[in-house]
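Participant: This structure is in structure tokens; I'll ask about it shortly.
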Amino acid sequence: MTLEPGPHDLIRPGASLSELAAAIQQCRGCDLWRDATQAVFGEGPPSPPVALVGEQPGDVEDERGHPFVGPAGLMLRSCMAEAGLAEDQVWMTNVVKHFRWKPKGKRRIHHTPSAEQVRACRPWVDAELERLRPDVVVCLGAVAAQTLIDKDFKVSQDRGKLMAGPYGLVLATVHPSSLLRAPDHEARLKARADFVADLQVVVRHLAGQATAASA
């Protein structure tokens, strides 16, 4: 039986980010490609100081082929603007590159990827971060944090803290989709304020780096 190509077949050592983005469309390293429209690779400037890493593309991202363009992405971009984190400073991507979903009527509902699916897709985000080498990697949500920081990491306990990570500094916070699930208006306002405060930790760090470089 011919084996389907996985990350280790498709990620060439010297491949550029654009070449990786093309190669990932052929990835069959796990079964998620069967029900997804396409793989969604990361996007952003070529030398970003920050990489934002979420869990997986959602319904809108799967259809459009771009990361963080659905409701959670719009919330993220709004909070970035409030925090003072410009989009041209940020690479946006996900740990898992295909949308995992379950049908509910005519809707496709997000379903958390399995540990096996995360492991299968891990080489792709590693390849991105190895090429980008951002100053700070921001893990959005538990799946990203437990993949890139530690399998037992708890976002609720250690969010908003700059720590040493595999690609430089890392900070974990909630996924912006959680802001949309807040039970009432007051809870939404608090969740948003807390999320913006976490992003401002990154903004202050970048400002300090810039000041030090110009001194």
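Participant: Provide, in order from the shortest bin, the percent of all Cα-Cα pairs of the stretch 92-215 in each 5 Å bin, continuing until the bin that contains the maximum pair distance.
Facilitator: 2, 10, 16, 20, 19, 16, 9, 5, 2, 1, 0, 0
Participant: What is the sum of charges around TRP91, taking Lys and Arg as +1, Asp and Glu as -1, for the other residues whose C-beta is under 13 Å from the C-beta of TRP91?
Facilitator: Cβ neighbours under 13 Å give a net charge of -4.
Participant: Around TRP101, with a cut-off of 11 angstrom between Cβ atoms, what is the net charge of the other residues, counting Lys and Arg +1 and Asp and Glu -1?
Facilitator: Details: positive: ARG100, LYS102, LYS104, ARG107, ARG108; negative: ASP35, ASP59, ASP62.
Cβ neighbours under 11 Å give a net charge of +2.
Participant: Which net charge results for the neighbourhood of SER16, defined as the other residues with beta-carbon distances under 15 angstrom from its beta-carbon, given Lys and Arg at +1 and Asp and Glu at -1?
Facilitator: -1
Participant: Which whole-number percent gives the relative contact order of the chain, counting Cα pairs below 8 Å spaced six or more residues apart?
Facilitator: It rounds to 21 percent for the chain.
Participant: Let me ask another. For the chain, with every protein chain kept in place, what is the accessible area per residue (1.4 Å probe, Å²)?
Facilitator: 51 Å²
Participant: Here's something else I'd like to know. Over the stretch 39-175, with every protein chain in place, what whole percent of the accessible area is carbon and sulfur at 1.4 Å, could you tell me?
Facilitator: Exposed carbon and sulfur together represent 51 percent of the surface.
Participant: Under a point spin-label approximation (7 Å from Cα along Cα-to-Cβ), what is the GLU130-LEU189 distance to one decimal in nm?
Facilitator: 4.8 nm
Participant: Which residues make up the longest stretch of the chain that has no trypsin sites (Lys or Arg not before Pro) in a DSSP loop with at most 13 other Cβ atoms within 10 Å? Walk me through the numbers on the way to the answer.
Facilitator: Numbers: sites that count: LYS106, LYS151, LYS154, LYS161, ARG181.
My reading of the result: 1-105 is the longest stretch.
Participant: Can you show me the helix-derived [θ] at 222 nm for the chain, built from DSSP H runs with n ≥ 4 at -39,500 (n - 2.57) apiece and divided by the number of residues, rounded to the nearest 500.
Facilitator: Numbers: 9 runs with 93 residues, N = 215.
Here the helix-only value at 222 nm equals -13000 deg cm²/dmol.
Participant: Can you tell me which lysines have their Cα less than 19 Å from the Cα of LYS190? Leave out same-chain residues fewer than eight positions away.
Facilitator: LYS161
Participant: What are the lysines whose alpha-carbon lies under 28 Å from the alpha-carbon of LYS102, with same-chain residues fewer than 8 places away excluded?
Facilitator: Partners found: LYS151, LYS154.
The values are calculated or read from the model by the stated rules, or taken from the named source; none is laboratory data. Given the structure is predicted, the values throughout are model-derived calculations rather than measurements. Positions of Cβ are backbone-derived with ideal geometry, glycine not excepted, and every protein chain shown enters the neighbour counts. Note: areas computed on protein heavy atoms with side chains; ligands, DNA, RNA excluded. Shrake-Rupley method; radii C 1.70, N 1.55, O 1.52, S 1.80 Å.
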